[in-house]
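Structure, as structure tokens:
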Amino acid sequence: MSVKLKPIAEQVIVITGASSGIGLATAQAAAKRGARVVLNSRDETDLATATERITAGGGEAMFFAGDVSDHISMRSLADAAVAAYGRIDTWVNNAGVSVYGELTEVTLADARRLFETNYWGTVNGSLAAVERLEGSGGALINVGSELSDTAYPLQGHYAASKHAVKGFTDTLRMELEKRDAPISVTLIQPAAIDTP
């Protein structure tokens, strides 16, 4: 089955990690081009501010606060988007965190939290998105990193999590293609970005 994507102006786009950085910039740009955007992060105050900014500029937006590491929260995010706008056309898994330090110095608790957000957040969002997109089609976009393909001192756990995101995304793409699901699956691998 071929994938047919709608023009941005006709889309409902869900974006995780949307209260700052790449997620916020993506939401603002998409709304400016006419998309209806659904912003997600853990910070309800920042989400409300971002949503108000978008709507004040003439865009259409709503927010849903929740933690990507919680699969129920991601299913609830999908439900909220469909309740508000009737469907989801594109889902962007952008939420991410980093921890700096040598692998022997970073606490296991910090490393696990990083994986809960970066890897499991991508998994949870992807599965919620696929459930909604499989019938009607659309796009799933996962944000990895240039470190999805290499190692880097002082960011070992981050690099490992982004390797895992790449492996998951590539496998999901192959499995959806085998099922002829009308979903495009893309991995974005940005370089270092100066975000909060």
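Computed from the coordinates by the stated procedures, all read-outs in this text should not be read as laboratory data. Model, not experiment: these values are computed from the prediction. Here the Cβ positions follow ideal geometry from the backbone for every residue, glycine too, while neighbour counts run over all protein chains shown.
General observations
- Listed residues T150, T117, T16, most fluctuating in the chain (Gaussian network, C-alpha, under 10 Å): T150
- Paramagnetic reach from Y152 (point 7 Å along Cα→Cβ, amide N under 20 Å) across region 37-68: none
- Alpha carbon centroid spacing (whole Å) that separates region 157-194 from region 1-46: 18 Å
- Our summary gives the chain a relative contact order of 22 percent, counting only alpha carbon pairs under 8 angstrom and 6 or more residues apart.
- Volume of the Cα convex hull of region 97-196, divided per residue and given in Å³: 99 Å³
- Residue-wise HN-Hα couplings along region 110-119, as the Karplus relation 6.51 cos²θ - 1.76 cosθ + 1.60 with θ = phi - 60° gives them from phi, are 5, 5, 5, 4, 4, 5, 4, 7, 5, 8 Hz; Gly and Pro carry x.
- Descending by average beta-carbon neighbour count within 10 Å, the peptides 179-186, 107-114, 137-144, 20-27 line up as 137-144, 20-27, 179-186, 107-114, the highest first.
- Nearest 10 degrees, 0 to 90: helix 44-56 Cα axis against the chain principal axis: 40 degrees
- GNM flexibility winner over the chain from T169, T122, T104 (Cα, springs under 10 Å): T104
- Our helix-only sum for the chain, with -39,500 (n - 2.57) per DSSP H run of n ≥ 4 divided by its residues, gives a mean residue ellipticity at 222 nm of -14500 deg cm²/dmol.
- Normalising the Debye intensity of region 8-186 to I(0), with uniform scatterers on Cα atoms only, and taking log10 at q = 0.13, 0.18, 0.19 Å⁻¹ returns -0.63, -1.12, -1.22.
- Most fluctuating residue given options V165, V92, V106, as computed from a GNM of the chain linking Cα atoms under 10 Å: V106
- Amide H partners (placed H, <5 Å) of R42, local residues excluded: G66
- Backbone HN-Hα couplings from phi across region 100-107 [Karplus 6.51/-1.76/1.60, Hz, Gly and Pro as x]: 9, x, 5, 4, 7, 9, 6, 5
- Lys pairs under 27 Å by Cα in the chain, provided they are eight or more residues apart or on distinct chains: 8
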